[in-house]
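What follows is calculated from the coordinates using simple rules that are stated; it is not laboratory data. What you see is a predicted model; the values in this text were computed from it and never measured. FYI the Cβ positions are ideal-geometry reconstructions off the backbone, even for glycines, and counts take in every protein chain you see.
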Amino acid sequence: MEKVRLSKLMSEQGLCSRREADSYIERGWVLVDGVPVTELGTRILPGQAITLAAAAQHRQQARVTILLHKPVGYVSSQPEKDYQPAVALVTAPNRYENDRHPLRFSPQHLKGLAPAGRLDIDSTGLLVLTQDGRIAKQLIGENSAVEKEYLVRVSGRLSAEGLARLNHGLELDGEKLRPAQVSWQNRDQLRFVLRQGKKRQIRRMCELVDLRVNGLKRVRIGKVMLGDLPVGQWRYLREDEGF
């Protein structure tokens, strides 16, 4: 059996990201079959047992994940001309007053905080920001199958054939899309459930069936709901929650 880079296996097993793996290895925080490994680039057999030292586990537990109700007009990640990134809303005054997480807000929670997935500037709803590479991989990794649910206000006429194509049968960028779940929520709003996230995917899907998107809101990621979180406010992901 061929040996594989330790950091690659750690990422595949959901222990941490590859970058975090290298950092932990350098510190001697990674054990293979109970023996610390400190050399970057080490290769091991896929069946060998990988564990993290207590120091690495403590560091992971200290990392926060934030749920934000992104308003229209904010970009998900890098700031653009005349527009602020959504992370700018993560301030003490903007914290949801009903957040039940015991943590007190600290500027340290902004260090390395990055969006796990995109939400267009003209869209609103649930945006996940995290310091935890494991959660980022779970939500936006190449093999991620976490559902994202959207409510989409549309105008135009949608035939039964068009609805069937939205569910299964469209291509974007020369690639066949994964099957989706698309149904009418009410007479001018569709419900989309996707397991992938191409750039402006829903808007482009609607264009292909002659629909115009007038509003788009993400209401769920995996098992985490937007709920009653007000627009522009945020809360911490609780320990009893998971995607």
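Semi-axes, largest first, in whole Å: what does sqrt of 5 times each Cα gyration tensor eigenvalue give for the stretch 4-61?
15, 12, 11
Given the options S183, S123, S106, which has the most mean-square fluctuation in a GNM of the chain, springs set between C-alpha atoms less than 10 angstrom apart?
Looking only at S183, S123, S106, the biggest GNM fluctuation is shown by S106.
Picking from D99, D82, D122, which is most flexible by a Gaussian network model of the chain using Cα springs under 10 Å?
D82
Set the bar at 30 Å for Cα to Cα. Now go through K3/K148; K148/K176; K3/K198 and name every pair that lies beyond it.
Going by Cα-Cα distance, K3/K148; K3/K198 fall outside the 30 Å limit.
Just need the relative contact order of the stretch 46-187 here, percent rounded to a whole number, with Cα pairs under 8 Å and 6+ apart.
22 percent
How long are the semi-axes of the equivalent ellipsoid of the chain, taking √(5λ) for every eigenvalue λ of the Cα gyration tensor, in whole Å from largest down?
Ellipsoid semi-axes (Å, largest first): 36, 24, 14.
Work through the residues other than R218 whose Cβ is under 12 Å from its Cβ and net out their charges, Lys, Arg +1 and Asp, Glu -1.
Summing Lys and Arg as +1 and Asp and Glu as -1 gives +3.
Give a residue-ordered list of calculated ³J(HN,Hα) values for the stretch 188-199 (Karplus: 6.51 cos²θ - 1.76 cosθ + 1.60, θ = phi - 60°; whole Hz; x for Gly, Pro).
Calculated HN-Hα couplings, in order: 10, 9, 9, 10, 10, 10, 10, 10, 8, x, 5, 4 Hz.
Calculated FRET efficiency, V72 and R238, Cβ-Cβ r, R0 30 Å, to nearest 0.05?
0.65
Determine which aspartates and glutamates satisfy two conditions relative to K199: a Cα distance under 19 Å, and not lying fewer than 8 residues away in the same chain.
E80, D120, D122, E142, E147, E149, E171, D173, E175, E207, D210
Fewest to most neighbouring Cβ within 10 Å: what's the order for K81, K198, K148?
K81, K198, K148
Kindly provide the helix-only [θ] at 222 nm of the chain, computed as the sum of -39,500 (n - 2.57) over DSSP H runs of four or more divided by all residues, to the nearest 500 deg cm²/dmol?
Computed ellipticity for the chain at 222 nm equals -5500 deg cm²/dmol.
Let me know the volume per residue of the alpha-carbon convex hull for the stretch 148-221, in Å³.
Considering the Cα atoms of the stretch 148-221, their hull volume per residue is 78 Å³.
Pairs of alpha-carbon atoms within less than 8 angstrom and 6+ residues apart define the contacts here; what relative contact order does the chain have, in percent?
RCO, the chain: 22 percent.
Tabulate in residue order the Karplus-calculated ³J(HN,Hα) for the stretch 171-186, using 6.51 cos²θ - 1.76 cosθ + 1.60 with θ = phi - 60°, rounded to whole Hz; enter x for Gly and Pro.
10, 9, 6, x, 10, 5, 6, 5, x, 10, 10, 10, 8, 6, 8, 7
H168 to W184: extension gain in nm, 0.36 nm per residue of separation minus the Cα-Cα distance?
4.2 nm is the gain from fully extending H168 to W184.
Work out, step by step, the length gained on full extension between L208 and A88: first 0.36 nm times the residue separation, then minus their alpha carbon distance; give nm to one decimal.
Separation in residues times 0.36 nm, less the Cα-Cα distance, equals 39.8 nm.
With springs only between Cα atoms under 10 Å, which of A180, A53, A21 fluctuates most in a Gaussian network model of the chain?
Per the Cα network of the chain with a 10 Å cutoff, A53 tops the list.
Taking neighbour Cβ counts within 10 Å as the exposure measure, how do R187, R218, R212, R104 sort from fewest upward?
In order of increasing Cβ crowding within 10 Å: R187, R104, R212, R218.
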